[in-house]
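Rule-based calculations on the coordinates, nothing more; no lab input. Model, not experiment: these values are computed from the prediction. In this analysis, Cβ positions are derived from the backbone assuming ideal geometry, glycine residues included, and neighbour counts consider all displayed protein chains.
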């Protein structure tokens, strides 16, 4: 037999080498997945809960109504960071409720240094559970190195607030500042064509102006002041400070700091914002004595709320049975089609509402909305499915989170009842259409566009051509029709006349107290209040609550469990350079995100862009 030629031997060796590498990588990946499954689902025998401990509210990252989908590579290979971590609001409240009646839990400690964002609305809902916990006679302590404004609102509800001697409390008030790109777009020869109906519909001001319009400043200043008044009054009441004390602290901070020799921690102590200045070791000794127990590492005995609620929550392989109220979450930008959790898909949310309404035992539905809107088409698909559920005789009650505006209000308007938290931002009943064209930019590059079409509108939506005047007329008419439809839906849903709704519309953003006064919502309260209202409408006294989610694949479940498990360890890695770069690029990223979210098939949107900065 002749010997294979040299090229053939070389090719064969390379092929065999690649095959061995492929098999080795497959085996490594398989072993890695086995290790992940063991780590997530088994991880050894669960440690028993201590007989005496504090419930540790070590919130990290952002507190949300619904967790976003976890990317597999990020979950497997990414470095854990608080900025990527998400905590379910429902988990926090449920952990506190379980701990209230648990004799093994004798106190509650809040460690909030890794909390990136929670907002006043979600804080108010957690506070209801904290007050109930306090009524059981168990103390609440907040301890931190340095409290941000967001962290401090929650910390102020503790019986004792401890801060590090080199720390402090950073309060500054609420603001709404955005970048404006009109001149920049003009310099790069990009035309953004905006069509809107609603005197106060300012969603696209950042691309059409160089500053905030006077009308927008007036309205935004009003609802920001409502939220800040709530913040200051809550803190002043909880800390037993005189009215105006928080504004005095913020507005005279430089002078107060100078009086304390630049010591920000003592400045906060002198202002009555904190109770003790203790180093970490001193705080641990204080908490060890309070709890009455320490672990093997000498730290005060505590159980993290995520581990605690997972152990206390009943496990059911068949789901919640019996008569129940189903809670469905709608969080994020509204887009057409099927979307992952953390974004509202018109089709995916509509399917979930339909499937939920058809389940045995579901007597009422609560739709929890936390959205500034998005695609009008997606909003309409969701609205129709809600009407279908009501036609089946199932009451539908809306619970508004931090924001339920524009498209978020569109899908809420025809519910049986609408509940908002005291700090919800809602309304923004207006419509706009927008898309860019790049013909001037291409001309600067020496690129021309020419050709023929069979009709006057053929090729009108090309991004490399000027906007067709006929199309301008058509879009204006379409936007006006969409606005009229929106106003009619609100009028029908709120039992008002068109003349009553129109002054409330025009794209105007409303604070929850003002929205209640003018009839856009029915009550101010938490998600639990909305659930109780839905149960009452269904005539139920004995019922269960079922938090319904979109079906997830085994891979998605595995990745979420991994992300949660890693996050619960609290081992965060942070890159100062990365964080600084991210902050610098945030305005551009936000603008790019808004443009990427413009995906309506008719380019018509119910979107409150300003609501993206809700505190």
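Between residue 270 and residue 136, what FRET efficiency follows from the Cβ-Cβ distance if R0 is 41 Å, with the result rounded to 0.05? If you can, show how the numbers build up before the last one.
Working: r = 32 Å, r/R0 = 0.79.
Result of the calculation: an efficiency of 0.80.
Normalising the Debye intensity of region 328-465 to I(0), with uniform scatterers on Cα atoms only, and taking log10 at q = 0.10, 0.21 Å⁻¹ returns -0.45, -1.16. Computed from the C-beta positions of residue 47 and residue 172, the FRET efficiency with R₀ = 41 Å rounds to 0.45.
More than 16 angstrom separation, counting every C-alpha pair in region 505-546; what % is that? Walk me through the numbers before you get to the answer.
Numbers: 430 of 861 pairs.
Above the 16 Å cut-off, region 505-546 has 50 percent of its Cα pairs.
Kirkwood analysis of the Cα pair distances in region 478-556 returns a hydrodynamic radius of 15.8 Å.
Extension gain residue 536-residue 449, at 0.36 nm per residue separation less the Cα-Cα distance, in nm? The partial results should precede the final answer.
Values: separation 87, 0.36 × 87 = 31.32 nm, distance 6.31 nm.
The residue 536-residue 449 span can extend by a further 25.0 nm.
Work out how much length residue 471 to residue 179 would gain on full extension: take 0.36 nm times their residue separation and subtract the Cα-Cα distance, in nm to one decimal.
Values: separation 292, 0.36 × 292 = 105.12 nm, distance 2.94 nm.
Extra length from residue 471 to residue 179 when fully extended: 102.2 nm.
Per-peptide packing, taken as the mean over residues of other Cβ atoms within 10 Å, places 402-413, 361-372, 303-314 in the sequence 402-413, 361-372, 303-314 from highest down. Legend: calculated FRET efficiency, residue 481 to residue 338, from the Cβ-Cβ distance at R0 = 35 Å, rounded to 0.05, equals 0.80.
Evaluated at 20 °C with a viscosity of 1.002 mPa s, what Stokes-Einstein diffusion coefficient in µm²/s does region 78-212 have when Rh comes from the Kirkwood expression over alpha-carbon pairs?
Details: Rh = 18.5 Å.
Using the Kirkwood radius from Cα pairs, D works out to 116 µm²/s.
Take the alpha carbon gyration tensor of region 111-175, find the square roots of its eigenvalues, order them as a ≥ b ≥ c, and report rounded if a/c is under 1.5; if not, report prolate when a/b exceeds b/c, else oblate. Since a/c reaches 1.5 but b/c is at least a/b, the shape of region 111-175 is classed as oblate. Once Rh is set to the Kirkwood radius over Cα pairs, what Stokes-Einstein translational diffusion coefficient, in µm²/s, holds for region 378-441 at a temperature of 20 °C and a viscosity of 1.002 mPa s? The estimated diffusion coefficient comes to 159 µm²/s. For region 133-229, the mean projected area of the C-alpha convex hull, equal to one quarter of the hull surface, is 10.5 nm². Here the Debye sum runs over all C-alpha atoms of region 406-498 as equal scatterers in vacuum, and log10 of I(q)/I(0) at q = 0.14, 0.15, 0.22 Å⁻¹ comes out as -0.70, -0.74, -1.09. Extension gain, residue 259 to residue 281, is 5.1 nm, computed as 0.36 nm per intervening residue step minus the present C-alpha separation.
Taking only the alpha-carbon positions of region 304-399 and ignoring solvent, what does the Debye formula give for the base-10 log of I(q)/I(0) at q = 0.10, 0.14 Å⁻¹? Debye output, listed in q order: -0.31, -0.58.
Between residue 299 and residue 359, the distance separating the two model label sites (each 7 Å from Cα on the Cα→Cβ line) works out to 3.7 nm.
The protection proxy used here, the mean number of other Cβ atoms lying within 10 Å of each residue, ranks peptides 325-331, 511-517 as follows, highest first: 325-331, 511-517.
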